[in-house]
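Peer 1: The structure's right below; bear with me while I get my questions together.
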There are 2 protein chains.
Amino acid sequence: MPETQPVLIGGQWRTSASARTFQAIDPATGETLEAVFPVSGSAEVEAVLAAGAEAAEALSREPDSRRADFLERYAERLEARKDELVEWAHRETALPASPRLGGVELPRTTGQLRQAAAAARDGSWALPTIDTKAGIRSVYGPLGGPVAVFGPNNFPFAFNGAAGGDFAAAIAAGSPVIAKGHPSHPTTSKLLAEEAREAVRDVGLHESTVQMLYRMAPKDGLRLVSDPRIAASAYTGSRRGGLALKQAADAAGKPIYLELSSVNPVFVLPGALRERGDEVADELFGSALMGTGQFCTKPGIVVLPPGPEARAFVDRLREKFEAAAPGPLLNAAGVESLDSAVSALQESGAELVAGGARVEGAGCRFQNTILRTSSAKLLADPEGLQREAFGNACLLVETGSVDELPKVAAALEGNLTGSVYSDRGGSDDALYERVAPVLRRRVGRLLNDKMPTGVAVSPAMNHGGPYPATGHPGFTAVGIPASIRRFAMLECYDNVREARLPVSLRDRNPTGSLWRLVDGSWTTADVG
Amino acid sequence: MPETQPVLIGGQWRTSASARTFQAIDPATGETLEAVFPVSGSAEVEAVLAAGAEAAEALSREPDSRRADFLERYAERLEARKDELVEWAHRETALPASPRLGGVELPRTTGQLRQAAAAARDGSWALPTIDTKAGIRSVYGPLGGPVAVFGPNNFPFAFNGAAGGDFAAAIAAGSPVIAKGHPSHPTTSKLLAEEAREAVRDVGLHESTVQMLYRMAPKDGLRLVSDPRIAASAYTGSRRGGLALKQAADAAGKPIYLELSSVNPVFVLPGALRERGDEVADELFGSALMGTGQFCTKPGIVVLPPGPEARAFVDRLREKFEAAAPGPLLNAAGVESLDSAVSALQESGAELVAGGARVEGAGCRFQNTILRTSSAKLLADPEGLQREAFGNACLLVETGSVDELPKVAAALEGNLTGSVYSDRGGSDDALYERVAPVLRRRVGRLLNDKMPTGVAVSPAMNHGGPYPATGHPGFTAVGIPASIRRFAMLECYDNVREARLPVSLRDRNPTGSLWRLVDGSWTTADVG
């Protein structure tokens, strides 16, 4: 048995005091990987909280540029270690090394870090607001404690607790991070945290600016998010785990940002189906099976109009799903959960069109799966038929008349995204106006003629949405500057003397390029 | 027994089906007022929810200007009925008719309504954000349901559920309001709601845009904030009531904005005390007893440096407190709660300096009260000695050395405000730098040389702060535009065709004055 891997606490790689351990597997083969990792106990949770509180204090005395330096240095370090990172992420997740991990996800991750650095350096994310007449000025500022970030299994880099979007946003806002790596890819998380720690040293930030634990018992997770020293938490993962953390954080009055399940409904209107049904089916095929369907934004429910084109659409999709080799899922639990979701959907009245069973003997795989149901059944059991099947499965909803499309939209829970395909000639326009407004209130991002996978890191992005897709419909997990403001408090200064104001609120614009709302107008000019 | 007053449901003044009733009192005399009001039962809660959901749907189809028209029309109507409003608010709260109610609070209320109208008409509050390269655009939009607003007892107009800041913000954001009037001033709430209803009709909005109930059982309040149809809630009042509602709303995944207790610490540094101790004592006297101390921002804890000036400060304050006639409190429960808070503070080790007892036989009155304690005692029992005494009472904290001032600051809970008085010569500057950063993370609004009462309706205001003063440190209950964004969801549009975008996100700037963040720069220009 090899030595247990150390945890990152207080800037040091420490041997864990815990006797409980775990190992990850290679999901492509099902083989257990050699490295042994600790399940941290409550003493280690206490230690990261204590050190994180110290780091928060120290960070509040540093200029914003120091955190920007760190984020940039960290991005450089990740690029320098790219081969090793991609190799390990591939082994632990079975996601393709190229292009996915090396060509897309790692560049996205370093891009996010650099965008967060630019935002921290610039400061405009904090909406500095000046009322010269009232003598009142305000700006978003750090929460004054460490932020706990729980990473998911499906993006080993871009949403990793020690490197992803929530991490970058929390650091940009001025908080140290306590990362909870996902137990499916502990070596990847360790490599990331190693580089984070070195980058922290390179720029001379407080050594506890980034800490990392791989795994902890549920009770210790609840304790972490509700501890008086924690500033806020962010969690991406299953609904069950997220809602348990939310309950603990809420009871303690601690903000928590969740990104939970989403079925990402796609409505195909009749004109679009007539005009380009094959094209839409091909797009759906690509989007639903990309990364073996393990995207938060995978199109999980597709609502079709009645008619022969819909039957042709289903046939084409079935052929493509059946012809494609099932990709590996992220871990054995992923197979388990997909299997039970597909069973549960059938129990709720959905029928199998393709797939529906585990693939034996080849690592963590499940057949590419299509289910079908009717809008009548969905409307009769909206909860049962909206269950998320995370992975390479998709539920088609067949309607008896186009009037049922807005009704299905109205029965949907909160989702991250919702897409509507309509024709270019205008024959779908009237129906669009009945479906889109209903869908609008139920999704964070509304798309036209486009599948929802692919979440651009754009200032205009909303990777969020109404409950239960997230915990609050006003926040986004992706997109700078808005994602940063989640981890900030509104600091108001009333009659505070000029020299005592943060530089962003003094009369002189500190950079000449900082956007400030001065007496109702956005400007980069000095005050007065 | 007079007839029971009707409730406002679905645009109609309806006779309540409830058998339970209540009456308000005149707190200046203790006499019961004649009008009888219903305690609404669950059927009426169901009715306002159903009608509110319809109104939300209808509002989503109206242009923003229609809600602006309503808010402006409502302000005009309140002004036209000013005398009656002020008379009743004075009878029900005993707050001075002039200047407080007629000269300050009603103009503030109509001013808020007009600011909210201007914001709704302008649209810049919604931070329209356009990424031309990615084809993604986003803007804050309505939540898609009614907002429940629970008004407090201490501002019968400016924070009333049917007319105050939360009301105005929710309407501006696009939501109908279900107002819960405070049972201490039901006639005032009824008059306001009458004008709201007429203003709704004047401009032709959906008749259920404003509804109002006077009172309900706690279980029905919990049901209201957690119902699937509710969009969000706002509550201003006691910590106990607010946290019960928060628990219910949190469990249902519903946003709730709270403004709870706050002791609004004031730190007087030694130089300021030497320089202008009498002046500071007089300011404290005025601020602490204004409105009989019944402000969310009343200075409840004042931390003094050691030395003879502090003793002179206490003496002067005692004289002024004792010489002033105790004002009436808002109701009998207010006397009860102040009495028990003053007793509890004494049990935690505070000593009486002045007052401390009920005033018998003259309505709802309590002696102007000063307590004192030491920083050592406060640090030993921070929870007990930070208990809010809502009303005309104030706790002075005496320190043995100036090093204890930052320690006291570090022991504080989250508060709405924190003030620091320092001298003009600079002798306090070093101590300021030790106190202010600690206080900064514990308060929403940091003041210099100024008492915290008086909350300007400024775009830069934060009337909010860390838990348990509120439920989230990033939100403010006062100040437009930020207060409006609490009641909004982030609507993202990805690849959505130009004609289908909200007008605020189309290439052409709809007004030429709408501020939009286009490719990283704020501008009022068209796109492209």
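The values are calculated or read from the model by the stated rules, or taken from the named source; none is laboratory data. Here the structure is a predicted model, which is why all the values come from computation and not from measurement. Ideal geometry is used to build each Cβ from the backbone, glycine not excepted, and the neighbour counts take in all protein chains shown.
Peer 1: What are the residues in the stretch A:477-522 that are closer than 25 Å to residue B:492 by Cα and among the hydroxyl-bearing types (Ser, Thr, Tyr), if any?
Peer 2: Of everything in the stretch A:477-522, those that are closer than 25 Å to residue B:492 by Cα and among the hydroxyl-bearing types (Ser, Thr, Tyr) turn out to be A:483, A:521.
Peer 1: Shifting gears a bit: Hey, any hits in the stretch A:419-438 for a residue that's modelled with pLDDT of 95 or more, crowded, with 19+ Cβ neighbours inside 10 Å, touching a Gly at 6+ places or on another chain (Cβ under 7 Å) and closer than 17 Å to residue A:300 by Cβ?
Peer 2: no
Peer 1: What are the residue pairs meeting all of these: first residue in the stretch A:390-410, first residue on the phi > 0 side of the Ramachandran plot, second residue hydroxyl-bearing (Ser, Thr, Tyr) and surrounded by fewer than 24 Cβ atoms within 10 Å (Cβ to Cβ), Cβ atoms under 8 Å, and 6 or more apart or on different chains?
Peer 2: Short answer, once both residue conditions are applied: A:391/A:337.
Peer 1: Pull out all pairs, ordered by first then second residue, where Cβ-Cβ is under 6 Å, the residues are six or more apart or on different chains, the first lies in the stretch A:455-481 and is farther than 16 Å from residue A:250 by Cα, and the second is of a type in the set (Asp, Glu) and surrounded by fewer than 24 Cβ atoms within 10 Å (Cβ to Cβ).
Peer 2: A:458/B:131; A:459/B:131; A:460/B:131
Peer 1: If you don't mind, another one. Within the stretch B:30-62, restricting attention to residues that are outside any helix (DSSP H, G or I) and among the charged types (D, E, K, R), which residue is nearest to the other protein chains (Cβ to nearest Cβ)?
Peer 2: Per the criteria, the residue is B:61.
Peer 1: Can you tell me which residue among A:254, A:180, A:190 is of a type in the set (D, E, K, R), over 25 Å from residue A:295 (Cβ atoms) and touching a strand residue (DSSP E or B) at 6+ places or on another chain (Cβ under 9 Å)?
Peer 2: Within the list A:254, A:180, A:190, the selection yields A:254.
Peer 1: Taking the stretch B:381-418 as the search range and keeping residues that are among the acidic types (Asp, Glu) and over 15 Å from residue B:467 (Cβ atoms), which one is surrounded by the fewest Cβ atoms within 10 Å (Cβ to Cβ)?
Peer 2: B:403
Peer 1: Let me ask something additional. Among the candidates A:72, A:57, which residue alone is in contact with a Lys or Arg (Cβ under 9 Å, 6 or more places away or on another chain) and surrounded by fewer than 22 Cβ atoms within 10 Å (Cβ to Cβ)?
Peer 2: The match here is A:72.
Peer 1: Let me ask you something else. Name the residues in the stretch B:321-330 that are outside any loop (DSSP other than H, G, I, E, B) and either under 27 Å from residue B:477 (Cα atoms) or touching an Asp or Glu at 6+ places or on another chain (Cβ under 7 Å) (or both), would you?
Peer 2: Of the residues in the stretch B:321-330, the ones outside any loop (DSSP other than H, G, I, E, B) are B:321-323, B:328.
Listed by number, the list holds a single entry, B:328.
Peer 1: Check every one of the strands (runs of 3 or more DSSP E) wholly within the stretch A:364-457 and list those with 3 or more residues that are more than 30 Å from residue B:519 (Cβ to Cβ).
Peer 2: Result: A:369-374, A:393-398.
Peer 1: Where the second residue is part of a strand (DSSP E or B) and among the β-branched types (Val, Ile, Thr) and the first is touching a residue at least 60 places away in the same chain (Cβ under 8 Å) and within 13 Å of another protein chain (Cβ to nearest Cβ) and lies in the stretch A:235-259, which pairs have Cβ atoms under 6 Å and are six or more apart or on separate chains?
Peer 2: Once the first residue is touching a residue at least 60 places away in the same chain (Cβ under 8 Å) and within 13 Å of another protein chain (Cβ to nearest Cβ) and sits in the stretch A:235-259, its partners that are part of a strand (DSSP E or B) and among the β-branched types (Val, Ile, Thr) give A:246/A:256; A:258/A:470.
Peer 1: Which is under 20 Å from the mean Cα position of the chain (by Cα) and of a type outside the set (Gly, Ala, Ser), of B:186, B:218?
Peer 2: Being under 20 Å from the mean Cα position of the chain (by Cα) and of a type outside the set (Gly, Ala, Ser) holds for just one of B:186, B:218, which is B:186.
Peer 1: Can you tell me which residue is surrounded by the fewest Cβ atoms within 10 Å (Cβ to Cβ) among those in the stretch B:440-474 that are more than 7 Å from every other protein chain (Cβ to nearest Cβ) and closer than 15 Å to residue A:143 by Cβ?
Peer 2: Among them, the one singled out is B:442.
Yes or no, residue by residue, for (1) within 26 Å of the chain's Cα centre (by Cα); (2) at pLDDT below 95:
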residue: B:347; (1), (2): no, no
residue: B:351; (1), (2): no, no
residue: B:355; (1), (2): no, no
residue: B:360; (1), (2): no, yes
residue: B:370; (1), (2): yes, no
residue: B:377; (1), (2): no, no
residue: B:382; (1), (2): yes, no
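Peer 1: Then there's this: Looking at A:48, A:86, A:36, A:104 in this structure, which one is at pLDDT 95 or above and over 26 Å from the mean Cα position of the chain (by Cα)?
Peer 2: The match here is A:36.
Peer 1: While we're looking at this one, here's another question. For the stretch B:68-123, give me each residue that is acidic (Asp, Glu) and in contact with a His (Cβ under 6 Å, 6 or more places away or on another chain).
Peer 2: B:92
Peer 1: Considering only strands (runs of 3 or more DSSP E) fully contained in the stretch B:80-192, which possess at least 1 residues that are touching a helix residue (DSSP H, G or I) at 6+ places or on another chain (Cβ under 7 Å) and away from chain A (no Cβ under 14 Å)?
Peer 2: On the way: elements: B:129-131, B:136-142, B:147-150, B:177-180.
Ranges flagged: B:147-150, B:177-180.
Peer 1: Also, quick follow-up: Kindly indicate whether any position in the stretch B:331-340 is among the hydrophobic types (A, V, I, L, M, F, W, C), modelled with pLDDT of 95 or more, surrounded by 17 or more Cβ atoms within 10 Å (Cβ to Cβ) and part of a helix (DSSP H, G or I).
Peer 2: Yes: one or more hits.
Peer 1: On to the next question. If you go through the stretch B:363-380 one residue at a time, do you hit one that is in contact with a Phe, Trp or Tyr (Cβ under 9 Å, 6 or more places away or on another chain) and among the hydrophobic types (A, V, I, L, M, F, W, C)?
Peer 2: First pass over the stretch B:363-380, keeping only residues in contact with a Phe, Trp or Tyr (Cβ under 9 Å, 6 or more places away or on another chain): B:367-370.
Restricting the remaining residues to those that are among the hydrophobic types (A, V, I, L, M, F, W, C) gives B:370.
Looking for residues that are in contact with a Phe, Trp or Tyr (Cβ under 9 Å, 6 or more places away or on another chain) and among the hydrophobic types (A, V, I, L, M, F, W, C), one finds at least one in the stretch B:363-380, hence yes.
Peer 1: Shifting gears a bit: Kindly provide the set of residues from the stretch A:244-271 that are surrounded by fewer than 24 Cβ atoms within 10 Å (Cβ to Cβ) and over 28 Å from the mean Cα position of the chain (by Cα), ordered by number.
Peer 2: Across the stretch A:244-271, the qualifying residues are A:270, A:271.
Peer 1: Still on this structure, I have one more. Quick check on my filter: what residues within the stretch B:501-528 are without any contact (Cβ under 8 Å) to a residue 40 or more places away in the chain and within 7 Å of chain A (Cβ to nearest Cβ)?
Peer 2: If the condition is that a residue be without any contact (Cβ under 8 Å) to a residue 40 or more places away in the chain and within 7 Å of chain A (Cβ to nearest Cβ), then B:520, B:522 are the ones that fit.
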